[in-house]
Structures are given as C-alpha cells and as structure tokens.
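So the structure is just underneath, and the comments pick up after that.
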Amino acid sequence: MSIGYQFDQGVATLTFNRPDKKNAITGEMYEAIVRHLREVSADKAVRAVLFTGAGSAFTAGNDLKDFGDPKFARLDSPVLSFMQALATFDKPVVAAVNGMAIGIGVTMLLHCDLVYVAEGAMFSMPFVNLGLVPEFGSTLLLPMAAGRVSAAEKLLLGRPFNAAEALAMGIANAVLPPAELLAHAQGIARSFNALPQGAVRDTKKLLRQAQATLVQDAILREAGVFGSRLAGPEAREAIAAIREKRPPDFSRTG
C-alpha cells in the first residue's frame, strides 16, 4: 500500500513510503490513510497523528497516472475521502516535512495543526501549470494564512517556494535542520500525552468550527472544477507534455 504505520508512545505515525517515486500518492495510499485515521480516531491510546515521508521527499503529490481515471475527482473517490477524513479529523495532527512537498503535499498541510519543515525543503502547488485548479480548500485557507497577494502568487503562477517562505506564509511552525526534524516533530506529538485529551479535542474543534462549513464548501467547489478541467484539453496537454518530456503548448487549448 506504500503507507507506513507505526504506533509508539501515544503517537500514530503515517509515512508516505514510495521513495523511488518521491512518495507520489496513489488511490490505494489515500484509502490506507483514511482507514488509519478512522481507526486511530476511535483508539484512546492514540493522542496524536504524525505525517512524514520516507527518503528525501515528503510527497510529490498525486501520482499522475491516477489523473487518467475519470473517477479521480468524484465525490466518492479515494482522494476526496482523504480530504474529508483529514479536514474533519478530531485529534492533533503534526507534520514533519522532510523534503519536497508538491500539490496535495502542500495543501494537506493547511489541515494539519502543527507543521515542522526541514531546511532545504521545497514547496510547489503547480495546479495551474497542469491545466487544473487548486484543491483541498486551498483557495480559501491559503489566503487566510498567507494573505491574498502571496496566495495569488503561489496559486496563479505555480511558483515554488522554500522553507523560510513557508514559515513566513503561516504554513509552518518552525524550520529545523534535517537531522533534527523528525525527533522534534515526534517530541511535539508526544507532548499531547501529558495533556487532557478531551480538552485538546474540544479546543481543536473550536479552532476550526467557525470556518468548517466554508472549508467543506471550498473543497467541494474546487473538486467540481478540478474534475471538469481534468478531462479538458489543457490538462491533457500538460500531462502529455510531462510524459513526453517536452514543454507544453497551450496555444490551442484556451
């Protein structure tokens, strides 16, 4: 399934584990994450969840092979199920971003409670470059975190940004040396063992409640446009260009 799972000292660690593919996420991987999140939500022994990536990347985002599946952006698709599961998860979620984070590898961070990134990590949301639109509520949440101007630059142009910029944009809590990243994130996640679980859950709920409906609406609105664009000429040209290792030509697809 390529999703590693480990439980230790109150922390359930989920690892994107396809290092040969830069941890690109497949439908089966999304399904595995959803199952784990549902299980640990009901397990009182789990006080927090930690996401990280194997090897030199956090995740390269969606596996492009899945973009050819017409069911990809349906409301019952694995990726939408993952979005709903993470957006509504009731326990603390910590992310240790150990390398590149692309696409949903960035937008999912907007739904994590605490995010720590390694020096040298690079981020990119190249949805427009693929003839698509942003997803996972990012058109709502990124402007709220980073401001409209910064969000527009990253989403309209799809330009990459580094760890320091992620911190300045409000996506990350701290930037750490790569050798210290995982231990630091694990320590933060384990700190919830000493806190009252009910109070933590209620506080997380209150932090998110005011925008919960807006987030759900944004996720569904984006998914609708994403799905229609996925079948369109711009996305087809962009994906074909990647596979053929050539620059895309959008001159006839507007």
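Which whole-number percentage describes the relative contact order of the chain, with Cα contacts under 8 Å and a sequence gap of 6 or more?
It comes to 19 percent, rounded to a whole number.
Let me check against my output: what whole-number percent is the relative contact order of the stretch 103-254, with C-alpha pairs under 8 Å and at least 6 apart? Write out the running numbers ahead of the final one.
On the way: 172 pairs, mean separation 45.8, N = 152.
About 30 percent, as a whole number.
What percent does the relative contact order of the stretch 72-128 come to when contacts are Cα pairs within less than 8 Å and at least six residues apart? Walk me through the numbers on the way to the answer.
Working: 65 pairs, mean separation 19.3, N = 57.
Here the relative contact order equals 34 percent.
Beta carbons within 10 angstrom, averaged per residue: use that to sort the peptides 174-186, 52-64, highest first.
On the way: 174-186: 16.3, 52-64: 21.8.
So the peptides 174-186, 52-64, ranked by packing, come out 52-64, 174-186.
How large is the charge dipole for the stretch 1-66, taken about the Cα centre, if only the Cβ atoms of Lys, Arg (+1) and Asp, Glu (-1) carry charge, to the nearest 20 debye? Intermediate results must be reported in sequence, preceding the final value.
On the way: 8 positive and 8 negative charges, 23 e Å.
So the magnitude is around 100 debye.
Magnitude of the Cβ-charge dipole of the stretch 213-254, K/R +1 and D/E -1, about the Cα centre, nearest 20 debye? Could the numbers behind the result be given before it?
Numbers: 7 positive and 6 negative charges, 38 e Å.
Approximately 180 debye in magnitude.
Give the percent of DSSP beta bridges with both residues in the chain that are antiparallel, rounded to the nearest 5.
Numbers: 8 of 29 bridges.
Antiparallel: roughly 30 percent of the beta bridges in the chain.
At 7 Å along Cα-to-Cβ for each site, give me the label-to-label distance between R243 and A183 in nm.
Result: 4.6 nm between the two label points.
Helix 27-41 sits at what angle to the longest principal axis of the chain, using alpha carbons and giving 0 to 90 degrees rounded to 10?
20
Order these peptides, 9-18, 156-165, by their mean beta-carbon neighbour count within 10 angstrom, highest first. Spell out each step's value before the answer.
Details: 9-18: 20.1, 156-165: 15.6.
Packing order, densest peptide first, comes out as 9-18, 156-165.
Rounded, prolate or oblate: which one fits the stretch 178-254, using the alpha carbon gyration tensor with axes a ≥ b ≥ c (rounded when a/c is under 1.5, else prolate when a/b beats b/c, else oblate)? Present the calculation step by step, with values, prior to reporting the outcome.
Working: a/c = 5.78, a/b = 1.85, b/c = 3.12.
It is oblate, given that a/c is not under 1.5 and a/b is not larger than b/c.
Is the shape of the stretch 134-215 best called rounded, prolate or oblate, per the rule: a/c under 1.5 gives rounded, else a/b larger than b/c gives prolate, else oblate, with a ≥ b ≥ c the square roots of the Cα gyration tensor eigenvalues?
On the way: a/c = 3.19, a/b = 1.25, b/c = 2.55.
Oblate.
For the chain, what is the charge dipole size about the Cα centre, in debye to the nearest 20, if Lys and Arg each add +1 at the Cβ and Asp and Glu each add -1 at the Cβ? Show your work: numbers first, answer last.
Values: 26 positive and 24 negative charges, 35 e Å.
Roughly 160 debye for the chain.
When a/c reaches 1.5 or more, the comparison of a/b and b/c decides; with that in mind, is the stretch 42-117 rounded, prolate or oblate per its Cα gyration tensor? It would help to have the intermediate numbers written out before the result.
On the way: a/c = 2.35, a/b = 1.24, b/c = 1.89.
Verdict is oblate for the stretch 42-117.
Post the alpha-carbon centroid distance, the stretch 60-98 to the stretch 105-142, in whole angstrom.
Taking the Cα centre of each part, the stretch 60-98 and the stretch 105-142 sit 12 Å apart.
By how many degrees, 0 to 90 and rounded to 10, does the Cα axis of helix 233-244 deviate from the longest principal axis of the chain?
Here the helix axis deviates by roughly 80 degrees.
Restricting to lysines 8 or more places apart or on different chains, can you count the pairs in the chain with Cα atoms under 23 Å from each other?
Lysine pairs meeting the criterion: 12.
Rounded to the nearest 10 degrees, what's the angle between the helix 197-230 long axis and the longest principal axis of the chain, both from Cα atoms, 0 to 90?
The two axes meet at around 10 degrees.
Expressed in whole Å with the largest first, what are the equivalent ellipsoid semi-axes of the stretch 113-161 derived from the C-alpha gyration tensor as the square root of 5 times each eigenvalue? It would help to have the intermediate numbers written out before the result.
Working: eigenvalues 64, 41, 22 Å².
In descending order the semi-axes read 18, 14, 11 Å.
Bear in mind that the values in this text are calculations on the coordinates, not laboratory data. These numbers come from a predicted model, not from an experiment. Every residue, glycine as well, gets a Cβ built from its backbone with ideal geometry; the counts of neighbours run over all protein chains shown.
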